[in-house]
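Colleague: One structure, pasted below without further comment.
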Amino acid sequence: MNSRQKLLPALSLLAFLALWQGLAVYLSSSVLPAPKAVAHVFWRETVSGQLPYHLGVTLLRLVVSFAIAMLLGCALGIVLGRHKKLDAFFDNWLVIFLNIPALVTIILCYVWFGLIESAAILAVVINKLPNVTVTIREGTRALDQDLLEMARCYRFGRRKTFTHVIWPQLHPFVMSATRSGLALIWKIILVVELLGRGNGMGYQLHLFFQLFDVAGILAYTIAFVAVIQLIELVILKPLDRKSLRWRR
Amino acid sequence: MTDIRIRINSKTYPAIGQAGKHQAIANLDLSMKAGEFVCLVGPSGCGKTTLLNIIAGLDHDYDGEILLGSQHTHPRIGYVFQNPRLLPWRTVRENIELALDSAQSPDQIDPLLETMQLTRAQHVYPERLSLGMSRRVAIIRAFAVDPDLLLMDEPFVSLDAPTARQVRDLLLKLWRQRPHTVLFVTHDLREAIALADRLVFLSASPMRVLRELTVPIVRNERHNEALIESYRQQLMNDYPEIRQLL
């Protein structure tokens, strides 16, 4: 990449801010506060500890539900991808769960289990699990039979076969499930918090909505987007690079 | 090393869709002495790969028995497949090391790499290798496990003639350093004569043994193409059933 290409993302960001500023000045209404006003709220909320607290709570929920959904989804996906009969049996279940609206799962979880933390986590997991399962199942179906035969012939055993033959082939599918999963879970968690928790980003946004505090909403949104970008840059990109270094 | 006996009464593929039931192997009986290099020669599609997969324990759906000696409770097999089957996400050296069991030292790979002229490429990922090099890696992997039986399924197919010749010479060099019982499948009679102690001719499917012959040319003179060619001509004349096969 040459230096001009490196400048391009920074330029586009500046253009976005300028557009925002221009629109805010033109409207001069509390419905669209200027970037400066939002920055001010952002700073105030950060110093008071409110923003880090609620962001932290939401992040914790994200990590827990994401980890559960990925682990279960990978295991289920591999099993279904390997066993045709089980797959034929459970395929309908997957389709049903894939098509239940997120809001329905959330409401039902709260109705059945009460407004508790585990119900919130369960609702998120149920929403995400079918997606992971389907993605990993496709990956498992596409496994190279020649390499599996080779592993069997040379007596790799279960562990070696999984780490060196199966996992590297599933990796792109896991990464894709991770990316789409993060985006999905973020959005669902906010609704979960809005409907039934006393803290977290969703709860705060609901509060701002009732007070008609648009600057607050925007400040929290920016924090939110920044954290996701950070996860992409610090965790996901390096993982991609490391696992794809063998490609020409 | 121990003697090997392969007896397959029948191997049948079940009917799938339009294709009816298909008998691939019928009454095949084959014995090998320890350290012997045997070439299976037969028309393509006659079921040679099926036979190797059965011997390698990859296919259990057959009627017969495979006696691979009692040296190990589980006899070890080295298998050079028709395509190299290397893990693209592991380096050449890692690919070979992965096949070893925990009791085998990875240091013993070094002389093998040396003989096959791959020492400098050992930390390269397979996608950067030529087909000839990948084939050599697959051969090293098969030798490295110190197998009771080495199976090779047309390991030089789709290589150009000079490369095939080079890999063949390297294979023979390796085999002389580390004698193993080898079952080598090919449809190229010249290649078979150049390599084998004994030739086994197979019929088209259902596959069975048509004829077995010991190659009379001493190993030191096998590099002589003219000698190999004249023996090939002689075989074609003496055994018309072979001529029909090839």
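The values are calculated or read from the model by the stated rules, or taken from the named source; none is laboratory data. Treat the numbers as computed from the prediction; the structure is a model and nothing was measured. Backbone-built Cβ (ideal geometry, glycine too); neighbour counts: all protein chains shown. In case anyone asks, the SASA skips ligands and DNA or RNA and just uses the protein heavy atoms, side chains included. Shrake-Rupley method; radii C 1.70, N 1.55, O 1.52, S 1.80 Å.
Colleague: Might you check whether a residue that is among the hydroxyl-bearing types (Ser, Thr, Tyr), touching a Leu at 6+ places or on another chain (Cβ under 8 Å) and more than 28 Å from B:LEU28 (Cα to Cα) occurs anywhere in the stretch B:168-189?
Modeller: Here is the first cut: in the stretch B:168-189, the ones among the hydroxyl-bearing types (Ser, Thr, Tyr) are B:181, B:186.
In the following step, the residues that additionally are touching a Leu at 6+ places or on another chain (Cβ under 8 Å) were identified as B:181, B:186.
Subset that is more than 28 Å from B:LEU28 (Cα to Cα): none.
No, the stretch B:168-189 contains no residue that is among the hydroxyl-bearing types (Ser, Thr, Tyr), touching a Leu at 6+ places or on another chain (Cβ under 8 Å) and more than 28 Å from B:LEU28 (Cα to Cα).
Colleague: So, one more: Consider B:THR49 carefully, then state whether it is within 30 Å of B:GLU127 (Cβ to Cβ), open to solvent by less than 60 Å² (accessible area, probe 1.4 Å) and of a type in the set (Val, Ile, Thr).
Modeller: Details: within 30 Å of B:GLU127 (Cβ to Cβ): yes; open to solvent by less than 60 Å² (accessible area, probe 1.4 Å): yes; of a type in the set (Val, Ile, Thr): yes.
In short, yes.
Colleague: What helices (runs of 4 or more DSSP H), lying completely within the stretch A:198-248, carry at least 2 residues that are modelled with pLDDT under 85 and within 14 Å of chain B (Cβ to nearest Cβ)? Steps first, answer last, please.
Modeller: Working: elements: A:201-211, A:214-231, A:237-243.
Correct list: A:237-243.
Colleague: In addition: Closer than 30 Å to A:LYS242 by Cα, assigned to a helix (DSSP H, G or I) and touching a Leu at 6+ places or on another chain (Cβ under 6 Å) - does that describe any residue in the stretch A:138-145? Step through it out loud before you land on a result.
Modeller: Pass one, the stretch A:138-145, residues closer than 30 Å to A:LYS242 by Cα: A:138-145.
Still in the running and assigned to a helix (DSSP H, G or I): A:138-141, A:145.
When the remaining residues are screened for being touching a Leu at 6+ places or on another chain (Cβ under 6 Å), the result is A:139.
Looking for residues that are closer than 30 Å to A:LYS242 by Cα, assigned to a helix (DSSP H, G or I) and touching a Leu at 6+ places or on another chain (Cβ under 6 Å), one finds at least one in the stretch A:138-145, hence yes.
Colleague: For residues in the stretch A:99-128 being farther than 30 Å from A:PRO172 by Cβ and assigned to a loop (DSSP other than H, G, I, E, B), which is least open to solvent (accessible area, probe 1.4 Å)?
Modeller: Looking only at the stretch A:99-128, we keep the residues that are farther than 30 Å from A:PRO172 by Cβ, and these are A:103-104, A:106-120.
Adding the requirement that they be assigned to a loop (DSSP other than H, G, I, E, B) leaves A:114-116.
Details: A:GLY114: 24, A:LEU115: 111, A:ILE116: 76 Å².
Taking the candidates together, the pick is A:GLY114.
Colleague: Take the residues in the stretch B:15-46 that are in contact (Cβ under 8 Å) with a residue 60 or more places away in the chain and of a type in the set (Gly, Ala, Ser), then tell me which one is surrounded by the fewest Cβ atoms within 10 Å (Cβ to Cβ).
Modeller: Selected residue: B:SER44.
Colleague: Further question on the same structure: Please tell me if A:ASN131 is away from every other protein chain (no Cβ under 14 Å) and buried (at least 18 other Cβ atoms within 10 Å of the Cβ). Walk me through it before giving the result.
Modeller: Values: away from every other protein chain (no Cβ under 14 Å): yes; buried (at least 18 other Cβ atoms within 10 Å of the Cβ): yes.
Considered against the rule, which asks whether it is away from every other protein chain (no Cβ under 14 Å) and buried (at least 18 other Cβ atoms within 10 Å of the Cβ), A:ASN131 comes out as yes.
Colleague: I've got another one for you. Any idea which of B:ILE109, B:ILE96 is surrounded by 18 or more Cβ atoms within 10 Å (Cβ to Cβ), within 12 Å of another protein chain (Cβ to nearest Cβ) and of a type outside the set (Ser, Thr, Tyr)?
Modeller: Selected residue: B:ILE96, the only one of B:ILE109, B:ILE96 that is surrounded by 18 or more Cβ atoms within 10 Å (Cβ to Cβ), within 12 Å of another protein chain (Cβ to nearest Cβ) and of a type outside the set (Ser, Thr, Tyr).
Colleague: Being surrounded by 14 or more Cβ atoms within 10 Å (Cβ to Cβ) and either more than 7 Å from chain B (Cβ to nearest Cβ) or at positive phi (or both) is the filter here; which residues of the stretch A:139-155 pass it?
Modeller: As a first pass, look at the stretch A:139-155 and keep what is surrounded by 14 or more Cβ atoms within 10 Å (Cβ to Cβ): A:139-140, A:143-144, A:147-155.
Within the stretch A:139-155, A:GLY139, A:THR140, A:LEU143, A:ASP144, A:LEU148, A:ALA151, A:ARG155 meet the criteria.
Colleague: B:GLN18 - would you say it is farther than 30 Å from B:ARG219 by Cβ and over 20 Å from the mean Cα position of the chain (by Cα)?
Modeller: Working: farther than 30 Å from B:ARG219 by Cβ: yes; over 20 Å from the mean Cα position of the chain (by Cα): yes.
Yes; evaluated as a whole, the condition is true for this residue.
Colleague: Contact list please: Cβ distance under 6 Å, first residue in the stretch A:159-186 and within 14 Å of chain B (Cβ to nearest Cβ) and touching a residue at least 12 places away in the same chain (Cβ under 8 Å), second residue assigned to a helix (DSSP H, G or I) and acidic (Asp, Glu), pairs at least six apart or on different chains.
Modeller: That search, which allows pairs on different chains as well, returns nothing.
Colleague: If you don't mind, there's one more thing I want to ask. Go through B:ASP59, B:ASP101, B:ASP29 for me and flag whichever is of a type in the set (Asp, Glu), out of contact with any helix residue (DSSP H, G or I) (no Cβ under 7 Å at 6 or more places or on another chain) and over 30 Å from B:ARG128 (Cβ atoms). Step through it out loud before you land on a result.
Modeller: Working: B:ASP59 fails: out of contact with any helix residue (DSSP H, G or I) (no Cβ under 7 Å at 6 or more places or on another chain); B:ASP101 fails: over 30 Å from B:ARG128 (Cβ atoms).
Of the residues listed, the single one that is of a type in the set (Asp, Glu), out of contact with any helix residue (DSSP H, G or I) (no Cβ under 7 Å at 6 or more places or on another chain) and over 30 Å from B:ARG128 (Cβ atoms) is B:ASP29.
Colleague: Another question, if that's okay. Can you tell me which residues in the stretch A:204-248 are β-branched (Val, Ile, Thr) and either under 30 Å from B:ARG128 (Cβ atoms) or open to solvent by 90 Å² or more (accessible area, probe 1.4 Å) (or both)? Lay out the reasoning, then the answer.
Modeller: We begin by selecting, within the stretch A:204-248, every residue β-branched (Val, Ile, Thr); these are A:214, A:217, A:221-222, A:225, A:227-228, A:231, A:234-235.
A:VAL234, A:ILE235 - these are the residues of the stretch A:204-248 that are β-branched (Val, Ile, Thr) and either under 30 Å from B:ARG128 (Cβ atoms) or open to solvent by 90 Å² or more (accessible area, probe 1.4 Å) (or both).
Colleague: Sticking with this structure for a sec: For the stretch B:189-246, give me the residue count where each residue is open to solvent by less than 50 Å² (accessible area, probe 1.4 Å) and assigned to a strand (DSSP E or B).
Modeller: The number of residues fulfilling the criteria is 8.
Colleague: Something else now. Quick one: which strands (runs of 3 or more DSSP E) sit completely within the stretch B:1-69 and have at least 3 residues that are farther than 18 Å from B:LEU210 by Cβ? Outline the logic, then answer.
Modeller: Working: elements: B:4-13, B:22-32, B:37-41, B:63-67.
It comes to B:4-13, B:63-67.
Colleague: Kindly indicate the residue of the stretch A:4-44 that is among the β-branched types (Val, Ile, Thr) and closer than 17 Å to A:ALA219 by Cα and also most open to solvent (accessible area, probe 1.4 Å) among those meeting that condition.
Modeller: Residue satisfying both the conditions and the ranking: A:VAL31.
Colleague: Going through A:MET201, A:MET175 one at a time, which residue ends up being of a type in the set (A, V, I, L, M, F, W, C), under 22 Å from A:PRO52 (Cβ atoms) and either out of contact with any Lys or Arg (no Cβ under 9 Å at 6 or more places or on another chain) or open to solvent by 50 Å² or more (accessible area, probe 1.4 Å) (or both)? Explain how you work it out, then say what you get.
Modeller: Working: A:MET175 fails: under 22 Å from A:PRO52 (Cβ atoms).
The conditions single out A:MET201.
Colleague: Out of the residues in the stretch B:60-85 that are at the interface with chain A (Cβ under 9 Å from one of its Cβ atoms), out of contact with any His (no Cβ under 8 Å at 6 or more places or on another chain) and open to solvent by less than 20 Å² (accessible area, probe 1.4 Å), which is modelled with the lowest pLDDT? Don't jump to the end; show me each part of the working.
Modeller: So the first thing to find is which residues in the stretch B:60-85 are at the interface with chain A (Cβ under 9 Å from one of its Cβ atoms), and the list is B:74, B:76-79, B:81, B:83, B:85.
Still in the list and also out of contact with any His (no Cβ under 8 Å at 6 or more places or on another chain): B:74, B:76-77, B:79, B:81, B:83, B:85.
Of the ones still in play, those that are also open to solvent by less than 20 Å² (accessible area, probe 1.4 Å) are B:77, B:79, B:81.
Working: B:ILE77: 90, B:TYR79: 95, B:PHE81: 94.
Step by step, filter the stretch B:60-85, then rank; the result is B:ILE77.
Colleague: Considering (1) open to solvent by less than 10 Å² (accessible area, probe 1.4 Å); (2) under 30 Å from B:TYR13 (Cα atoms); (3) free of Cβ contacts under 8 Å to residues at least 40 places away in the same chain, say which one B:LEU149 fails and leave the rest.
Modeller: (3)
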